[in-house]
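The values are calculated or read from the model by the stated rules, or taken from the named source; none is laboratory data. What you see is a predicted model, and the numbers here were worked out from it, not measured in a lab. Glycine gets a Cβ as well: all are built from the backbone with ideal geometry, and neighbour counts include every protein chain shown.
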Amino acid sequence: MPKKKISFWRFLITWVFWKNFLIASAITFGLILAIQLSLNIYTGHGKEIQVPNFTGFTLQEVDQLCLEKELTWLVQDSIYVKDQPGGSVLDQYPAAGFIVKKNRKIFLTTNCWYPEMTLMPKAFDMSYRQAKRVLESQSFFIDSIEYEPYFARTYVLNQKYQGEIIEQGTPIEKGSGIVLVLGQGLSNETDFIPELTLMTHDSAASLLLDLHFNIGAVVFDDSILSAEDSMNALIYKQFPDHNSTKAQLGSPIDIWLSLDSLKLFMTDSSLFMLDSLKTDEIIPLN
């Protein structure tokens with residue numbers, strides 16, 4: 001006798017259907033679980049690594065530490081910093097303390113072993129402002145200025161490096177300071193000394209050079225503890241003073257700098273008081 005056909009809906013409640021359904025579901029679940037576990041292992045999901053501080057390390061030390069931390073590294077740039085060891089790490093990305101996953105690549109900036117050299121441009125036989133633009137365009141800076149007798153005031157007569165005249169085209173360390181020799185004019189010309197109070201060292205040096213003076217002695221007080229402090233320190237005293245005082249072009253101006261808020265406040269307050277008093281209200285001390 002031919003077998004009776006079982007309807008679809010009746011088949012859904014048979015043991016055969018549910019057995020096959022459970023087997024297929026178990027296989028599917030197992031595959032999904034295996035794939036998820038594989039992805040977690042491959043991507044390091046849930047494993048957090050704190051990026052070490054590589055600053056000052058050699059590349060050999062970086063490689064060893066990255067191996068221990070399961071990280072990778074790549075040098076993306078190199079610059080020259082005179083006071084740092086050659087080949088050492090100057091900067092990194094991501095920064096130290098940043099949380100990353102396994103095998104994250106750390107990009108490093110290292111210090112070159114030797115300074116970058118370039119050819120000395122011609123920064124003489126021209127005006128001071130033109131010479132300044134020429135030097136700055138080649139990554140040099142004006143270290144100081146000297147004067148010689150010459151009828152054209154502030155005309156650049158020569159250029160010096162480390163106390164000697166340097167010829168155009170001479171190989172020189174990029175970023176070096178250059179001394180410009182300027183004409184003094186027909187006489188010993190003088191000009192008013194600018195006020196430098198509450199300026200930084202770099203701002204004061206730039207202003208003095210533009211007015212054809214030089215930075216003289218630089219004195220930091222006890223509040224200056226690091227190079228960063230010296231960059232942020234402000235001038236609280238200068239000599240000669242700026243009160244309608246004239247000095248010969250090229251003269252040095254001594255400055256005193258501090259981060260002491262009391263010193264700076266007293267300096268600022270004294271300026272405010274002098275500005276607010278009339279001439280006949282100022283009482284001489286002797």
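List of remarks:
- Count of segment 161-188 residues, restricted to those that are under 18 Å from Leu209 (Cα atoms) and buried (at least 16 other Cβ atoms within 10 Å of the Cβ), is 10.
- Taking segment 10-55 as the range and being modelled with pLDDT of 80 or more and among the polar types (S, T, N, Q) as the test, the residues that pass are Asn20, Ser25, Thr28, Gln50, Asn53, Thr55.
- Some residue of segment 175-191 being more than 23 Å from Asn243 (Cα to Cα) and of a type in the set (Ser, Thr, Tyr): yes
- Lone unmet requirement of (1) hydrophobic (A, V, I, L, M, F, W, C); (2) in a loop (DSSP other than H, G, I, E, B); (3) surrounded by 12 or more Cβ atoms within 10 Å (Cβ to Cβ) for Trp113: (3)
- Those strands (runs of 3 or more DSSP E) of segment 123-196 in which at least 2 residues are among the β-branched types (Val, Ile, Thr) and out of contact with any Pro (no Cβ under 7 Å at 6 or more places or on another chain), considering only elements entirely within it, cover 141-148, 177-183.
- The residues of segment 47-64 that are buried (at least 16 other Cβ atoms within 10 Å of the Cβ) and more than 22 Å from the chain's Cα centre (by Cα), listed by number, are Ile49, Val62.
- Among the candidates Lys102, Lys122, residue that is of a type outside the set (Asp, Glu), surrounded by 13 or more Cβ atoms within 10 Å (Cβ to Cβ) and touching a Lys or Arg at 6+ places or on another chain (Cβ under 8 Å): Lys102
- Only residues that are farther than 30 Å from Asp83 by Cβ and either modelled with pLDDT of 95 or more or in a loop (DSSP other than H, G, I, E, B) (or both) were counted across segment 99-110, and they come to 4.
- Filter pass, Ile215 being touching a residue at least 40 places away in the same chain (Cβ under 8 Å) and not assigned by TED's automatic domain parsing to the domain that holds Phe265: no
- Meets criteria (of a type outside the set (Gly, Ala, Ser), surrounded by 14 or more Cβ atoms within 10 Å (Cβ to Cβ) and part of a loop (DSSP other than H, G, I, E, B)) for Leu207: no
- Residues satisfying the criterion are absent from segment 159-175 (criterion: farther than 30 Å from Ala233 by Cα and among the basic types (Lys, Arg)).
- Residues that are part of a helix (DSSP H, G or I) and over 27 Å from His212 (Cβ atoms) do occur in segment 69-88.
- Selection within segment 183-216 - modelled with pLDDT under 90 and touching a helix residue (DSSP H, G or I) at 6+ places or on another chain (Cβ under 7 Å): Asn214, Ile215
- Verdict on Ala247 being touching a strand residue (DSSP E or B) at 6+ places or on another chain (Cβ under 9 Å), part of a strand (DSSP E or B), in contact (Cβ under 8 Å) with a residue 24 or more places away in the chain and small (Gly, Ala, Ser): yes
- Any hit, segment 82-98, residues being closer than 26 Å to Ser226 by Cα and among the acidic types (Asp, Glu): yes
- Screening Val219 against (1) at pLDDT 90 or above; (2) in a loop (DSSP other than H, G, I, E, B); (3) loosely packed, with under 15 Cβ neighbours inside 10 Å leaves a single unmet condition, (2).
- Residue list for segment 151-203, restricted to those being closer than 16 Å to Lys132 by Cβ and basic (Lys, Arg): Arg153, Lys160
- Flag: Val179 does not match the condition of being more than 26 Å from Ser203 (Cα to Cα) and β-branched (Val, Ile, Thr).
- Qualifying residue in segment 248-270 (condition: farther than 23 Å from Lys132 by Cα, surrounded by 13 or more Cβ atoms within 10 Å (Cβ to Cβ) and either in the same structural domain as Ile145 (by TED's automatic domain parsing) or at pLDDT below 80 (or both)): yes
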